[in-house]
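Notes follow once the structure below has been shown.
What follows draws every value from the coordinates through simple rules; no lab data is involved. Keep in mind the model is a prediction, meaning the values are calculated, not measured. Glycine gets a Cβ as well: all are built from the backbone with ideal geometry, and neighbour counts include every protein chain shown.
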Amino acid sequence: MATTSAATSAAADPGARFYADLRVVSDLAEATRTENCSSLPQDWHIALCDVRNSTIAIESGRYKNVNTLGAAAITAVLNASNGLDIPFGFEGDGCVICVPPHLLEDTRAALSKTREIALDSFQLDLRIGTVPMSAIRAGGFDVLISRVRVTKHYDQAVFSGGGMAYADTLLKDPRPDNPYVIPQSLEARGNMEGFECRWQDVPSRHGETVSLIVRSLSPDPEVTGALYRLVIAKVGEVYGEPDACHPLSVPDLSFAYGTDQLGNEAGVRAADRGALGKWLWKWRMRWFAALGWALMKFGVKTEETDWSTYKETLVRNSDVRKLNDGYRQILAGTAAQRKALDAWLDGLYQRGDLVFGIHATNRAQMTCLIFNYAGKHLHFIDGADGGLFLAAKELKQRLAHLKARAVAG
């Protein structure tokens, strides 16, 4: 949890409530309008992480491990925030989080703890760092934030202005003295309470689970916002209403009991307990999964929650559609729908309006953050077998092709 000194600093810093006090809009399309966006304060910082050599992990069937670390980093930083609302985004192979100055030290320690877990439990190398807003603005970019009400329990942060993408570029600068990379010598300290990973992959109701990423090529925020609203409308035209193309459905939600499936949560929550501690945590998870199945099967109501509606709330609280210097969505649909959307996006790509990437598989994977079972729980969704990471890789290939074509004249 956050330190007492951090909590005291928050009380003395009215700017720390920037995001908590931000006006909420009710629709993602409205969040693309510049009048609904506010600049992140100058003294805030962007915290980022991503898994190095993600392609190798994906090729060896370990994309769920990659997802796990992005969600774990968010969990650790939110636990360090002492209940303060701060904006964050799940990226598939990592995450982005905005923090006020009084949380910087605890955030860096929490990311260091996640990096330690990545290596010890999953043998993965997590790149972590923080970038001050002053550096982003010095590079000619900004971080614009709006806040969207997804459900009464979940408000989603929307990022625009190019600053997040620029922060990622700064962090990945390979020079050995990169000032934004958190050094290995920094104290690792963090709390992973609330991180859960107890569900099987969810098969697509319609045959495919599609991970989509679209990025506008216009420097004009008004043009970019209009483009994303156009994309949102087209996705609705091709795939139907959000409920029709949601990658999760209540009948397809099943608890995981296998050792491999439960290893992700055990690797995070029992990271410091050795092999025996991880084994015991898996058995603990099996017990709670069996109990959860019974509570939901028979619609039990307890003081904690109404378990008959838990799965419906889970679906509504899922993180399936977002904006972070680009539009991302996880969709359930048919191959014909994907091809129709691909053809439409390709027309805008050929015209030079956008770049995009699409990855298709047959199921979604889910990683969870549970504040309480009564409704305040969040579920990060990605396509299995590479999902958002491979969609982003395809997008970068298209961008490189456009640049090469421009150089060639």
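For the stretch 210-261, what does the alpha-carbon gyration tensor say about shape, rounded, prolate or oblate, given a ≥ b ≥ c as the root eigenvalues, a/c under 1.5 as rounded, and a/b over b/c as prolate? Oblate, since a/c reaches 1.5 and b/c is not below a/b. The label point for Arg189 and the one for Trp287, both projected 7 Å from the Cα toward the Cβ, are 3.2 nm apart. Here the extension length gained between Asp27 and Asp13 equals 2.0 nm, from 0.36 nm per residue of separation less the Cα-Cα distance. Entry note: the stretch 178-256 has Rg to Rh equal to 1.15, where both radii use alpha-carbon atoms and Rh is the Kirkwood radius.
Helices in the chain, meaning DSSP H runs of at least 4 residues, each add -39500 (n - 2.57). Divided by all residues, the mean residue ellipticity at 222 nm is -13000 deg cm²/dmol. If R0 is taken as 22 Å, the Cβ-Cβ distance between Lys301 and Ser254 corresponds to a FRET efficiency of 0.50. Dividing the convex hull volume of the alpha-carbon atoms in the chain by its residue count gives 145 Å³ per residue.
Pairs over the 26 Å Cα-Cα cut-off, from the set Lys234/Lys297; Lys172/Lys403; Lys113/Lys301; Lys282/Lys376; Lys64/Lys403; Lys234/Lys393: Lys234/Lys297; Lys113/Lys301; Lys64/Lys403.
Max-minus-min Cα coordinates of the stretch 82-131 on each principal axis give 31, 21, 21 Å, with the largest extent listed first. Over all pairs of different C-alpha atoms, the stretch 209-306 has a mean inverse distance whose reciprocal, the Kirkwood radius, equals 17.8 Å. The distance between label points at Glu241 and Lys172 comes to 3.9 nm (points 7 Å beyond Cα on the Cα→Cβ vector). Each peptide among 36-42, 364-370 gets the average number of other Cβ atoms lying within 10 Å of its residues, and from highest to lowest they stand as 364-370, 36-42.
Taking all Cα pairs closer than 8 Å and separated by 6 or more residues, the relative contact order of the stretch 116-204 comes to 25 percent. The mean of 1/r over all distinct Cα pairs in the stretch 1-136, once inverted, gives the Kirkwood hydrodynamic radius of 15.9 Å. Based on Cα contacts under 8 Å between residues 6+ apart, the chain shows a relative contact order of 21 percent.
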